[in-house]
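The values are calculated or read from the model by the stated rules, or taken from the named source; none is laboratory data. All values derive from a computational prediction rather than experimental measurement. All Cβ positions, even for glycine, are placed from backbone atoms using ideal geometry, and neighbour counts span all protein chains on display. Areas reflect the complete protein model, heavy atoms only, side chains present, ligands, DNA and RNA absent. Shrake-Rupley method; radii C 1.70, N 1.55, O 1.52, S 1.80 Å.
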Amino acid sequence: MTSGNAASGPDAPIFSAVLTPHRSLSPTGFMLVMVALVACSFAAGVAFWLMGAWPVVGFFGLDIALLQLAFRLNYRSGRASEEIRLDRERLTVRQVAPSGRTSETGFHPYWARLEIDRHPEIGVTGLRIASHGRRLAIARFLGPHERESFATAFGAALAEARTAPAG
């Protein structure tokens, strides 16, 4: 999650943030994990082959293929993002799905409000922007603590946008 607050000019955003899912394993780390798994599977496959249990070798290959598919799907979901920009006259939320499909939703900042779902033990479980009967879920892929800090910063920016004099 990256964000910035700036109010230096009339067209400058009061709040701007780009939210992206966290991926803890880099592409290099992924390659190292896959090499290690292939090496272990190959060694175990050779051992089973030498014991005469050659049909088991195919299952070791299947394991590697399924792990590869699972990691690829995980990295694909990491391509999602949300860009939230707030200035004095408009709140714009641009959401990019993992497939690359983009949707953009606009709200008037004076009427927009941030709805927060909280769980006593977990923290913030959901965030929505609501205005005139429309609701848009945001920050769905962030963790509870990240949602909490985002909600605090974004809520303060919305309050500032409502009180700021129009250019």
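Side notes on the structure shown:
- Relative contact order (%) - the chain, alpha-carbon pairs under 8 angstrom, separation at least six: 20 percent
- Accessible surface for the stretch 54-102, divided over its residues, is 64 Å² per residue with a 1.4 Å probe.
- Rotationally averaged projected area of the chain (alpha carbon convex hull; nm²): 13.6 nm²
- Couplings for the stretch 97-110, taken from phi via the Karplus curve 6.51 cos²θ - 1.76 cosθ + 1.60 with θ = phi - 60°, read 6, x, 6, x, 5, 10, 10, 10, 10, x, 9, 7, x, 5 Hz in order; Gly and Pro are left as x.
- Residue-normalised accessible area of the stretch 107-146, given per residue in Å² at a 1.4 Å probe: 62 Å²
- Sulfur and carbon atoms: percent of accessible area, the chain [1.4 Å]: 61 percent
- Taking amide H atoms as placed 1.01 Å from N in the peptide plane, the amide H of ARG23 has no partner under 5 Å among residues 5 or more positions away or on other chains.
- For ARG76 and VAL33, a Förster radius of 25 Å and the Cβ-Cβ distance give a FRET efficiency of 0.90, rounded to the nearest 0.05.
- Residues in the stretch 123-129 carry Karplus couplings, in order, of x, 6, 9, x, 10, 9, 9 Hz; the curve used is 6.51 cos²θ - 1.76 cosθ + 1.60 with θ = phi - 60°, and Gly or Pro positions show x.
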